[in-house]
1. Against the conditions (1) at pLDDT 90 or above; (2) under 30 Å from residue 126 (Cα atoms), where does residue 64 fall short? Just the number, please.
2. Where residues in the range 1-17 are open to solvent by 80 Å² or more (accessible area, probe 1.4 Å) and closer than 24 Å to residue 81 by Cβ, which of them is farthest from the ligand (Cβ to nearest atom)?
3. Cβ-Cβ under 7 Å, sequence separation 6+ or interchain: first residue in the range 1-15 and free of Cβ contacts under 8 Å to residues at least 60 places away in the same chain and polar (S, T, N, Q), partner near the ligand (Cβ under 9 Å from one of its atoms) and assigned to a loop (DSSP other than H, G, I, E, B). Which pairs?
4. Can you tell me how many residues in the range 18-38 are in a strand (DSSP E or B), more than 14 Å from the ligand (Cβ to nearest atom) and either hydrophobic (A, V, I, L, M, F, W, C) or open to solvent by less than 40 Å² (accessible area, probe 1.4 Å) (or both)?
5. At pLDDT 90 or above, open to solvent by less than 80 Å² (accessible area, probe 1.4 Å) and farther than 20 Å from residue 23 by Cβ: which single residue out of 122, 84, 112, 79 fits that description?
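The values are calculated or read from the model by the stated rules, or taken from the named source; none is laboratory data. On a predicted model such as this, the values are computed, not experimentally measured, just so you know. Neighbour counts run over all protein chains shown; Cβ positions are idealised from the backbone, glycine included. Only protein heavy atoms, including side chains, enter the accessible area calculation; ligands, DNA and RNA are left aside. Shrake-Rupley method; radii C 1.70, N 1.55, O 1.52, S 1.80 Å.
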Amino acid sequence: MKCPYCGGLDTQVKDSRPTEDATSIRRRRVCPHCGGRFTTFERVQLRDLTVVKRSGRRVAFDRDKLQRSIQVALRKRPVPADRVDRLVNGLVRQIESLGENEVSSEQIGELVMEGLKGLDDVAYVRFASVYRNFREARDFETVLGELSSDEEHKAGTGGE
Ligand SMILES: [Zn+2]
C-alpha cells in the first residue's frame, strides 16, 4: 500500500483487527520513509459493480462516494457513526444482491432514500430534495406526505 504522504511503496502494517460488525478489517499502517501513519480497510467485494448515470455515463461503484453523500445528508444530525456504517453496509449488500453487474444511479438513490427514511427524517428530506431535484413544489409535498404517514404508522405501533 502506497504511503499517501510521501508515495513510499513499502509501508508496514502495525495493527490489524476486525471492525465492530466484523464486515471489514482495519489496518493501521506506518511508512518507514516519512513516519506517516494511516489506516486502510479490507472488505469483501462480491462483484465489480458499474453505476449507470442518468446521462448514460458508466462509472465504477464507489462505496466511499456513497458514504460521503449519506454523510452530507446527515450533517449535524444526531446519528452515531456506527449506525451510518451499518446503513452503508446494508445498502452495499442490497446493491450487490440485486445480482446485476450494472445498477442505475436511480436505483441506488431509491435505496439510499429508503435507508435514510428509517434513520433520520431530516437527512431523508435533504437527500430526497437533492436527488429528486424538486422541480415542482408538489414533489416536496409528496415527500412530506410520505413522512407524515410514516409517523402515523410509527405512532400506531409504538405503544405509547
Ligand atoms: Zn511516507
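1. So residue 64 meets the others, but not (1).
2. Selected residue: 17.
3. Qualifying pairs under 7 Å: 11/3; 11/31; 12/32.
4. So the answer is 2.
5. After ruling out the rest, the residue left standing is 122.
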